Amino acid sequence: MARTSLQCRECKKEYSTAFKYICDECFGPLDVKYNFPAITKNTFTNRDHTYWRYFELLPIEDKSNIVSIGAGMTPLIKADNLGKKLGLNNLYIKNDSVNPTFSFKDRPAGVAISKAKEFGLSAVGCASTGNLASATAAHAAKAGLPCHVFAPSNIEMAKIAQALSYGANYIAVDGTYDDANRIAAQIGDSKGIGVVNINMRSHYVEGSKTLAYEVAEQLDWQVPDQLIVPVGSGAMLNAICKGFEELQQVSLLNNVANMHMIAAQPHGCAPIVDAFKKNSKEVIPVENPDTIAKSLAIGDPGDGRYVLKRLKQYNGFAEECNNQEILDAILLLAKTEGIFTEPAGGVSVAVLQKMVEQGKIDKNDSVVCYVTGNGLKATEAIMQVLQKPKIMKADVSLISAVVN
Ligand SMILES: *Cc1c(COP(=O)(O)O)cnc(C)c1O
Ligand SMILES: [Zn+2]
């Protein structure tokens, strides 16, 4: 029996696994469903420090198709300094900014490209807000596959330099992410390209589940009380929920129903927060996103509706923060914990702070705040609030006057 099948998230129709992502009956998205083998906590001990340690829970049939650049098993840091500032006794930062291409996108991209290899596809690509470009291009390079990146033209220079260096065919679209996404979808389908976050999406999201697996294992198989997740398309938040649920299904966790999911978005592109606050089930797209958190600038989030469902299911909240709050949070995290994140991580920390202030998080709750991208990718934005050092003459007495 095959290890996996595909199942429609809406009408539950099942399909055997294939290069396919939408239900023929109702056009709902297809999710990967598993026949899990018997698993114990010991199954994962003494394995690789990458997310492939959870091979049995990932949708690759044959290990020889795995394309790994060593992503995953990133640190879960007990953030006592930041916790003290915020009044939290059990705060953890999942520092996913230290993945090989410096964002969490190495998880979904790596799984999607491994699956593209298993399907025998001859090219891959992505629609990107910045980080996925590099994650896809790096894994494609490792797999020896050509990679086509479709991205809005306004993303950070560091992210463009990185993706180009891995050899991507980089197409800068004069428009929004949604424009780039629409073009990538059409070209991907017409040319048979495995576009990781579009026609490979069912497998892509499976990679992000490992953000749940690792946190559970790093907490010695406990479920945190509160999880703060930055949201663009919403795929990651949804996948983290699926990950915890699957660990309960294989009896490694219980009490998953008690966790609280908190969605964090930037002001200027917060369509899910808007819907949540209006208690609406429909997400109204933002036409022209305007935020320094460019990796979250998705005006029409593909999984927006499902994020709203997850927030209901897990007694959660959605909150936004503005550019100044994002920049302040980046510096707060850097100065207390020595972790330098890009604006998306600032969004998580700023929203965490608001949740504490609003009394939505108790001081003794165990809290996991996901920090998903690296500050080195967005220095232009961050320098806005920092003083550029003045160049000084190489003179000991002059310089010694400013060292106090
Ligand atoms: C893409 C991205 C997100 C959002 O992920 P979605 O699955 O689109 O919600 C969060 N943080 C960073 C750094 C990203 O690159
Ligand atoms: Zn269906």
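The values are calculated or read from the model by the stated rules, or taken from the named source; none is laboratory data. For clarity, every value in this text was computed on a predicted model and none was experimentally measured. Glycine gets a Cβ as well: all are built from the backbone with ideal geometry, and neighbour counts include every protein chain shown. Ligands, DNA and RNA are excluded from the accessible area calculation, which covers all protein heavy atoms including side chains. Shrake-Rupley method; radii C 1.70, N 1.55, O 1.52, S 1.80 Å.
Any idea which of V223, V215 is surrounded by 17 or more Cβ atoms within 10 Å (Cβ to Cβ) and in a loop (DSSP other than H, G, I, E, B)?
Unique residue meeting the criteria: V223.
Go through segment 62-87 and give me each residue that's open to solvent by 80 Å² or more (accessible area, probe 1.4 Å) and among the acidic types (D, E).
Hit for segment 62-87 is D80, nothing else.
Can you name the residue in segment 273-291 that is closer than 22 Å to N154 by Cβ and either surrounded by fewer than 21 Cβ atoms within 10 Å (Cβ to Cβ) or within 17 Å of the chain's Cα centre (by Cα) (or both) and is also nearest to ligand 2 (Cβ to nearest atom) among such residues?
Top of the filtered list is P285.
When you scan segment 196-205, do you find a residue that is basic (K, R), within 16 Å of ligand 2 (Cβ to nearest atom) and surrounded by fewer than 23 Cβ atoms within 10 Å (Cβ to Cβ), even just one?
yes
Could you list all residues from segment 1-17 that are at pLDDT 95 or above, of a type outside the set (S, T, Y) and away from ligand 1 (no atom under 16 Å from the Cβ)?
Once the filter is applied, which keeps residues that are at pLDDT 95 or above, of a type outside the set (S, T, Y) and away from ligand 1 (no atom under 16 Å from the Cβ), segment 1-17 yields L6, Q7, C8, E10, C11, K12, K13, E14.
Among the listed residues G338, G316, which satisfies the condition of being under 25 Å from K78 (Cα atoms) and either crowded, with 22+ Cβ neighbours inside 10 Å or within 16 Å of ligand 1 (Cβ to nearest atom) (or both)?
G316
Within segment 1-38, how many residues turn out to be in a loop (DSSP other than H, G, I, E, B) and either over 18 Å from E206 (Cα atoms) or not aliphatic (A, V, I, L, M) (or both)?
So the answer is 21.
Just need a number here: residues in segment 4-13 that are near ligand 2 (Cβ under 10 Å from one of its atoms) and on the phi < 0 side of the Ramachandran plot.
The qualifying residues number 6.
Within the set of pairs 6+ apart or on separate chains, which have a first residue in segment 273-301 that is polar (S, T, N, Q), a second that is open to solvent by 60 Å² or more (accessible area, probe 1.4 Å) and not in a helix (DSSP H, G or I), and C-beta atoms under 9 Å apart?
T291/H267; T291/N322
If only one of Q162, Q186, Q248 is polar (S, T, N, Q), more than 19 Å from V307 (Cβ to Cβ), assigned to a helix (DSSP H, G or I) and touching a Ser or Thr at 6+ places or on another chain (Cβ under 7 Å), which one is it?
Q162
For segment 20-56, name all the residues that are away from ligand 2 (no atom under 16 Å from the Cβ), open to solvent by less than 80 Å² (accessible area, probe 1.4 Å) and farther than 19 Å from V250 by Cβ.
Listed by number, the list holds a single entry, T50.
Take segment 88-110 and flag every residue that is open to solvent by 40 Å² or more (accessible area, probe 1.4 Å) and within 28 Å of E357 (Cα to Cα).
N89, N90, Y92
Would you call G346 in a loop (DSSP other than H, G, I, E, B) and free of Cβ contacts under 8 Å to residues at least 60 places away in the same chain?
no
For segment 363-387, give me each residue that is among the charged types (D, E, K, R), in contact with a helix residue (DSSP H, G or I) (Cβ under 9 Å, 6 or more places away or on another chain) and not in a helix (DSSP H, G or I).
The answer is K363, and nothing else.
Can you give me the number of residues within segment 226-271 that are β-branched (V, I, T), buried (at least 24 other Cβ atoms within 10 Å of the Cβ) and more than 10 Å from ligand 1 (Cβ to nearest atom)?
Of the residues in that region, 2 qualify.
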